[in-house]
């Protein structure tokens, strides 16, 4: 595995950020929150009913798995948080370390119990960590690179990867989708002429902590101009 030295400052600016789980969703810049007892689908309906942000057509939302729904909703909210109604050529980079273990476990457990013809083998099941990312890209009509980034370097390593990608691509934005313990952290980043300090000592599994830390840092960046 490639070793990446620790870096805390990047030529990246945080345009929009959203945190989504099965009970609520938060948006950084707009300060909006949505809650529901009916899971991610219920949160989506709350957003639709509120008419508070431009909606994108999530055509595959109903048939998607839980992680794909989180990816779709989180991407839509992060773009809307940046004042955008489309991501255009934005890239999507997935991270978090969980990969698709829960989906694979459910698939093979069902296969063992129900066999080849009655189990999930008859359906399209997202057992790759890149599947939710691709579902979000298709649903939101994004045309940039889409891939899952695996590293032991935590958030700093992902930011290093995003900075490297954006410096070599014509597309100027990247959506970082971090999955951990049923939560998704979506961050819309773009190239910046100035170095911004994203230093924090939080583990990748603490999505709420990272959200609050970066929200504060985004405010500091805007004050510094």
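Here are the numbers for this structure:
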| item | result |
| --- | --- |
| Subset of region 133-174 [under 12 Å from residue 92 (Cα atoms), in a helix (DSSP H, G or I) and in contact with a strand residue (DSSP E or B) (Cβ under 7 Å, 6 or more places away or on another chain)] | 133, 134, 136, 137, 158, 161, 162, 165, 166 |
| Qualifying residues in region 152-172 (those that are within 16 Å of the chain's Cα centre (by Cα), at pLDDT below 90 and more than 24 Å from residue 69 (Cα to Cα)) - the one surrounded by the most Cβ atoms within 10 Å (Cβ to Cβ) | 157 |
| Selected residue [assigned to a loop (DSSP other than H, G, I, E, B) and at pLDDT below 75] from 97, 88, 115 | 97 |
| Single match in 23, 49 (criterion: in contact with a strand residue (DSSP E or B) (Cβ under 8 Å, 6 or more places away or on another chain), over 29 Å from residue 143 (Cβ atoms) and at pLDDT 85 or above) | 23 |
| Residue in region 197-205 that is out of contact with any strand residue (DSSP E or B) (no Cβ under 6 Å at 6 or more places or on another chain), buried (at least 17 other Cβ atoms within 10 Å of the Cβ) and at pLDDT 80 or above present | no |
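Residue by residue, here is whether (1) within 16 Å of the chain's Cα centre (by Cα); (2) within 24 Å of residue 84 (Cβ to Cβ); (3) at pLDDT below 90 holds:
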| residue | (1), (2), (3) |
| --- | --- |
| 8 | no, no, yes |
| 34 | no, yes, no |
| 63 | no, no, yes |
| 67 | yes, yes, yes |
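The values are calculated or read from the model by the stated rules, or taken from the named source; none is laboratory data. Just so it is clear, the model here is predicted, and its values are computed rather than measured. We place every Cβ from the backbone using ideal geometry, glycine too, and count neighbours over all the protein chains shown.
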